[in-house]
Amino acid sequence: MLPPISLPAWILIIIFTLLPGLVIAQDSPQVVELTVANANRWFSNMDEKRYETGYELAGSLFHRTVKLNNWIGSLDAVRSNFGKVLNRKFVSHEYLPQAFEKTQGEFMKLTFITQFDQQPKPYLETVLMGHEGNSWLVEGYKLSPPPLTPAETTKLPRVTQDEPTETVVDMKNKHLKPVGEAKTVSGEGQDVTLPH
């Protein structure tokens, strides 16, 4: 028969039994895999135009930041220009244990490369996942063009003047803010203002 175990020994046994679970709840491959699966579940609703369901599956930060009618309107406009998803591949994650842009909490930024049927090149989709309760939920979403290839960087515009300006030319009808002093560069039918 085993000798009785004292209360402090039981506490240590419990702590060391739970400790691996606490470590796994951070940035382990298992947690990344679970988080990517949650993001893909959310994506499946977006891909099938079930925007309201996707909104409901998102986290509290997302709900505080974006109103449902704005979300649906924005996605309808964007997705009509991009078309259906041909494929989506998870490429990286960044674990953010303390905070994300002044928001307290535990976050993970996931990046996917996605090919849409109405776009010649794949786009980057970045999903911010937040740890809420026992789950990782979508807290933010960003769709952006992929980085330029080395061959494309040789086709970048050259700097043609260096003067203070408040003008930023709209590229592809995106809303850009004035930047103050800047260098204006010219290229094939496009002018871009870069900050110093």
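At-a-glance table
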read-out: Exclusive hit being modelled with pLDDT under 95, assigned by TED's automatic domain parsing to the domain that holds Glu139 and among the hydrophobic types (A, V, I, L, M, F, W, C), set Ala77, Ala39; value: Ala77
read-out: Residue within the stretch 179-191 that is modelled with pLDDT under 65, in a strand (DSSP E or B), over 24 Å from Glu52 (Cα atoms) and hydroxyl-bearing (Ser, Thr, Tyr) present; value: yes
read-out: Filtered residues of the stretch 16-32 (kept if surrounded by 12 or more Cβ atoms within 10 Å (Cβ to Cβ) and modelled with pLDDT of 90 or more); value: Val31, Val32
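The values are calculated or read from the model by the stated rules, or taken from the named source; none is laboratory data. These numbers were taken from a predicted model, which means no experiment stands behind them. All Cβ positions, even for glycine, are placed from backbone atoms using ideal geometry, and neighbour counts span all protein chains on display.
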